Structures are given as C-alpha cells and as structure tokens.
1. Using a Cα-Cα cut-off of under 29 Å, which lysines could be cross-linked to residue 214, ignoring same-chain neighbours fewer than 8 residues away?
2. Looking at the chain, what % of its DSSP beta bridges pair antiparallel, to the nearest 5?
3. Roughly speaking, to the nearest percent, how much of the chain's 1.4 Å accessible area is carbon and sulfur?
4. Within segment 403-433, list the residues whose amide N lies under 14 Å from a label point set 7 Å along Cα→Cβ of residue 443.
5. Grab the other residues whose beta carbon is less than 13 angstrom from that of residue 114, score K and R as +1, D and E as -1, and report the net.
6. Determine the calculated [θ] at 222 nm for the chain from helices alone, applying -39500 (n - 2.57) to every DSSP H run no shorter than 4 residues and normalising by the residue count; nearest 500 deg cm²/dmol.
7. Which FRET efficiency, nearest 0.05, do residue 41 and residue 106 yield, Cβ-Cβ r, R0 56 Å?
8. Select from 133, 101, 114 the residue farthest towards the positive end of the dipole of segment 1-142; place +1 on Cβ of Lys and Arg, -1 on Cβ of Asp and Glu, and compute about the Cα centre.
Amino acid sequence: MTAVVESGEFIDEVAIDEAMLAASTKDGARVREILAKARELHGLDMDEVAVLSSVSDPELMAELFAAAREVKEAIYGARLVLFAPLYISNLCNNDCLYCAFRVRNKELKRRALTQEEVRHEVELLVDQGHKRILLVAGESYPKDGGFQYVLDSIKTIYDVKRGNGEIRRVNVNVAPLGVDQFRELKASGIGTFQLFQETYHRATYGAVHVGGKKKDFDWRVTGMHRAMEAGIDDVGIGVLFGLADWRYEILAMLQHIHELERAYGVGPHTISVPRLEPASGSDMASHPPQPVGDVDFRKLVAILRLAVPYTGMILSTRETANLRSETFALGISQISAGSRTNPGGYEEDEEFDAAQFQLGDHRSLDEVIRDISELGFIPSFCTACYRLGRTGMDFMDLAKPGDIKHHCDPNALSTYLEYLLDYGAPETREVGEASIAQKIAEMDPIRRAHTEKMLAQVREGKRDVLC
Ligand code: SAM
Ligand code: SF4
C-alpha cells in the first residue's frame, strides 16, 4: 500500500502564476502549433494550456473552438450521456458562503429523505426513463444513521425495479471520506465518486469556506487520493467557476490530474464545470467574486477538451438551454436533465424553499432528449463500461487508442432506442427513430451489422443489451 498523500502541495501556485505570466503574449504561430498538437489527441501540458487561455484574437479563438469540436467528435462522436441528480438530504455542518445548504442559512427548509422517500423519488426518475443517478447530500447525516445513511440510500436506489426500468449506475457526490469509509462506498457498487475542489486557490478557498470540516483545503484536495487508495478508480473532479480566476483554476486542475496519474496511474474519469448560480441565503452566489462570462466559459470547456481529451466532461442543468447546446459540441460528454436540487423535489415539483441553487434549464427529460436529438446528438443511457468492469485504467487502455468508440456508438443507440420504446412521447419517438436510422446509415458495414443486431434485440423486448 502506498502512503496516502495528506498535503495539497502538488497544487503549486508559484508554477501556475509563472505559466500564466509567460503565456500572456499573443503569438499566433505558437497557438497554432499547440492546436496542431492537441489534434493528435495526446493532451497538453500546463504551459500550453496557459497559452491557450490567454488567446483573445477572434481568428485564433475560432481556430481554438474548431480544434475542440474536432477532438470532441473524434473521441465522443455525437453521444451525450444523460443522468439525473438525486438530492437525498440538505443537512450540512459546513459554511460554504455560496451554498444554500450552509449551516448558517436559517431560511432553508431542512430535510433528509427517509428510505421510503428515496425509493419514491427513484421510482419517479425511473418512470421518466433515467438509468443513471448522481446521489448528492450535504455534509451531515441523520443522527441515528451517520454515513450508513448514504450506503442505505445507494442500496435503496439499486433495489428499485419498475417493469423495464431500473437505475443501472449510481454516482455519488458527497463530502470526502477516510480510506476505510471509501472502501465501504466502493463495496456499495457506486460508479463514479465525484468531489469538486470548488477552488484550487488556497486563499480564496479559505475566504469562502468559513466553517465546518470543509475549511480544510488539504483534506479536500487529497480526497481523490484516498478514494483511489480504497479502490475507487472512477473519480470525478470539478471547480465551481466564479470563485477565482478561471485560468488559474484550469491550470491547477491539470496539476491535480497529473498528480493522480503519477500516484495511481490514471487520472479522473470526469471533470465537472459548474458555474456559481443564485442560491437562497447567499449573497456571494448572486455576486460571484470572479464571474465567468459565456464566452470564457465556452473557451474553458474547449481548452479542457484539448488538454485532457479522454476525460469525460459534465454540464449540469445549472446552465440555460441555449448555452448548453452551444457548449456540447466543444467537449461535453454528459449532461443532467429534468433535475431538481431539493430533497423530495421530483415528488413535489417545488424548487426554491429547500433547493441548493436555481436551475437554468427547467425542461423535462423528454423535452431535452428531443431537443438534443434534433441538434444531431445521440442521447445515451449507456452504463456498459461500469457493468462490464471497464473502469479506471481498463477504460483508459481502451479509450486512448480510440477503441472505445466501437462500444459507445452501438450502446448509445441501443439505450436510446430503449428510451424511445419505453418512455418517449410520440413526437420524440418520431424524431429519435429518424435520428437512429441516420446514424446507422453513417456507420461502416461491420459496425452497422453489429448495431442493427443489438437494436433488433431491443425491439424484441430485450433490455440492457451490452457491448
Ligand atoms: N456537500 C458536498 C460537498 O460540498 O462536496 C457534496 C454536495 S454539494 C451539494 C455539490 C456541489 O454543489 C458542491 O461541490 C458545489 O460545487 C456545488 N454548489 C454549491 N453551491 C452552488 C451554487 N450556488 N451554484 C452552483 N453550484 C453550487
Ligand atoms: Fe454543505 Fe456542500 Fe453546500 Fe458546502 S457545498 S454548504 S458542504 S452542501
């Protein structure tokens, strides 16, 4: 067993500042050289990312976006994986100034769902067609249960069966744990463990996390080391954009990724890119210290796509429908849809008095699916890699030579067809069937034959056809 890292000194602020300073020249030839390297799909180093983040010339920006679209297309094609967050509790002992769940927010209605309530919320999600859930909770668990509450909830979610429907992958976004508790979490059958650093800038981190265990920057930034030490090899990192300079954040994120690769041989499975949204009881949430505008947001998504081409990127319902559709092509591989951020929100359909933050996209899952299908993307409910044990290094070994596509495309189409047959509104089914037919026609003959076989099985009533 390796000694688990306890200090976040691998986030080297001096090196980041130096890289940003050295990059603030406008050398078109250097930018083009970096974009050409990124197109080879081997990623970029910190200095190169710093150069791209300093680009502002419209022509170079257009080239940067074009390169990101190319890389996204080469690795992920048109697929977009869909999931729903499930907030099981808004109890929290921490005082994060931007979050409605913070302990000092007395305006918030507090609630931890019972297992019966968790089951009911999951039934509603399964009945909409969801197959993946992201379980979310504040950092405080009901008194009698402790962390077992989260483990019980995961079991409850997996136990729900509704006709053809079930949740096939539960990802988890809860406070960082010690190695032993991470082992229990792994044993509960989770997919990805997600944890956002919020900001990698220590001084800002200290200023916005003013109470509770989350104040400890080092405990949080080394959380993924402990998760990986416990055998969780799909981890998801993220930054809450709006707290500190986004350029600094993506360079620091790259340092975190390289550190995980050094220590465990594999980087994160996903990166999330939330932006600060208004939240009840939080002035900061409505007035971000370092707001990230829409152009910079698209730019940072594009740069991350080029820098770590094989790491999935997640966009949530925090963003509006317009911004979301423009950003998908630049590098997003997973999106949430039809979300509620308050415990019990799927039942109650009420948003604000117990919610974590306001949503920018209020459409139902079916509306989002129809929309993204019309935009040319393939909505996917695929969970095959997780179910066949293709995680961590095994996943990357398949992803890096480009072989994962041969699994993803057929799996995306067969899970999309499952959705259309079991849950799709008539007009969505029409749009979806046309889009499936078109995607199949574009495939080479071998993959087409294989995919058609899978789709035929789905039409005959078989579900969860994996490849
Ligand atoms: N309590 C755990 C934690 O803080 O890691 C996990 C759940 S927390 C509800 C999930 C994420 O919500 C946080 O990591 C933070 O990035 C995000 N969040 C909090 N307040 C937000 C806001 N006002 N706008 C957007 N995202 C927010
Ligand atoms: Fe609690 Fe997480 Fe919100 Fe902070 S971000 S107040 S830890 S729920």
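1. Straight-distance partners of residue 214: 106, 109, 143, 155, 186.
2. Close to 15 percent.
3. That share works out to 51 percent.
4. 405-418
5. Numbers: positive: 111, 119; negative: 116, 117, 121, 144, 152, 347.
With Lys, Arg at +1 and Asp, Glu at -1, the net is -4.
6. One gets -14500 deg cm²/dmol as the mean residue ellipticity at 222 nm.
7. Working from the Cβ atoms, E equals 0.65.
8. Value computed over the given set: 114.
The values are calculated or read from the model by the stated rules, or taken from the named source; none is laboratory data. Treat the numbers as computed from the prediction; the structure is a model and nothing was measured. FYI the Cβ positions are ideal-geometry reconstructions off the backbone, even for glycines, and counts take in every protein chain you see. We work out accessible area using only protein heavy atoms, side chains counted, and drop any ligands, DNA or RNA first. Shrake-Rupley method; radii C 1.70, N 1.55, O 1.52, S 1.80 Å.
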